[in-house]
Amino acid sequence: MTLVPARPRRIDAALKREALLSSRFFQAMQPHELDEIIGFSTERRVARGATVFAKGDPGSSLAAVLAGRLRVGNVSVDGREVTLNVAGPGEIVGEMALIDGKARSADVIAVVDCTLLVVERRNFMPFLLRHGDMVERLLGVLCDRLRKTSLALEEIALFDLPVRLARLLLKLAEDYGKPAEGEVGSVRIDMKLSQRDLSNLVASSRESVNKQLAVWRREGVVDLDAGYMILRRPRALQSLLD
């Protein structure tokens, strides 16, 4: 794992706690339990383009994003990159490995310079044993994650591309959106994602995603500005889901 000690001002405990509480995994914990985790965690800085986890690496830690963004994905046998998720501030990667200690199932790359809070399994497991009642709470969180995975697979099977792409763009706008100039209600997604990334996230081809985005651009629903997606008429996308 390519991590170097953080040199800029360190993020205080309150901000670390806030970041952890943004994750369902840590929402199951009590304030004093979070403080204990923060106490044995380490803050690390990762440079843009660096590999945080590589597929096949031992599952020895979890990383919570305090600042920056991580790309979770794999490379197919024919060399194509497949994006599975993009994790921003308040999101975590590696929680399954933290529990079972098995090899990493995907690569995690820093999209931009990142500050991470790293929780090592060797510290977390004794902590978990000291707080036996937490096991049931974490099982609920992990079961919830499995249900979401099942729903995502169902969505791919039941909904066509416009619905899947609209749902993705609205979720990205919810997580990373900022008001955009122009039409009232326009939202700029403050994250650069290529059409290949979008196609991977909606389980479709890049060509199909490109064609659908072109239709929406002609209709004034979406726009592009220096590589950033702008939702000009979010309600038009929402109507596809209603």
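The values are calculated or read from the model by the stated rules, or taken from the named source; none is laboratory data. The model shown is predicted, which means the values in this text are computed figures rather than measured ones. Using ideal geometry, Cβ is built from the backbone for each residue, glycine included, and neighbour counts are taken over all protein chains shown. Remember, those area values only see protein heavy atoms, side chains included, never the ligands or the DNA or RNA. Shrake-Rupley method; radii C 1.70, N 1.55, O 1.52, S 1.80 Å.
Descriptive notes on the structure:
- Paramagnetic label zone (point 7 Å from Cα along Cα-to-C-beta, VAL135; backbone N under 16 Å) in region 91-109: 99-101
- Seen from ARG217, the other residues with C-beta closer than 13 Å to its C-beta sum to a net charge of +1, counting Lys and Arg as +1 and Asp and Glu as -1.
- 5 angstrom amide H check on ALA67, placed H, neighbours 5+ away: THR115
- Accessible heavy-atom area order of TYR176, TYR228, highest first, probe of 1.4 Å: TYR228, TYR176
- Relative contact order (percent, whole number), the chain, Cα cutoff 8 Å, 6+ residue spacing: 18
- Solvent-free Debye scattering, log10 I(q)/I(0), computed from the Cα coordinates of the chain at q = 0.12, 0.15, 0.16, 0.18 Å⁻¹: -0.76, -1.13, -1.24, -1.43
- Separation in nanometres of the label points that stand 7 Å from Cα toward Cβ, at LEU142 and LEU84: 1.6
- Solvent exposure ordering (accessible area, 1.4 Å, most first) of GLU174, GLU18, GLU120: GLU174, GLU18, GLU120
- Considering only GLY177, GLY68, GLY39, the mean-square fluctuation computed in a Gaussian network model of the chain, springs between alpha carbons under 10 angstrom, is largest for GLY39.
- The modelled label-to-label distance for the pair ALA103/VAL163, using points 7 Å beyond Cα in the direction of Cβ, is 3.8 nm.
- Efficiency of FRET between ASN74 and ARG196 - r from beta-carbon atoms, R0 22 angstrom, step 0.05: 0.95
- Against the chain, whose longest principal axis comes from its Cα atoms, helix 206-218 is set at around 60 degrees.
- Folded to 0 to 90 degrees: helix 31-40 orientation relative to the chain principal axis, Cα: 80
- Of all accessible heavy-atom area on the chain, the percent that carbon and sulfur account for (1.4 Å): 52
- LYS211/GLN238 FRET efficiency (R0 30 Å; Cβ-Cβ; nearest 0.05): 0.90
- Summarising the label geometry, the points placed 7 Å from Cα in the beta-carbon direction at ARG48 and ARG122 lie 3.4 nm from one another.
- Computed over neighbours whose Cβ is under 10 Å from that of SER194, the net charge equals +1, Lys and Arg +1, Asp and Glu -1.
- Here ASP35 and MET96 are evaluated by their C-beta separation; at R0 = 35 Å the FRET efficiency comes out at 0.90.
- In angstrom, the C-alpha Rg and Dmax of region 77-218 are 18.4, 59.
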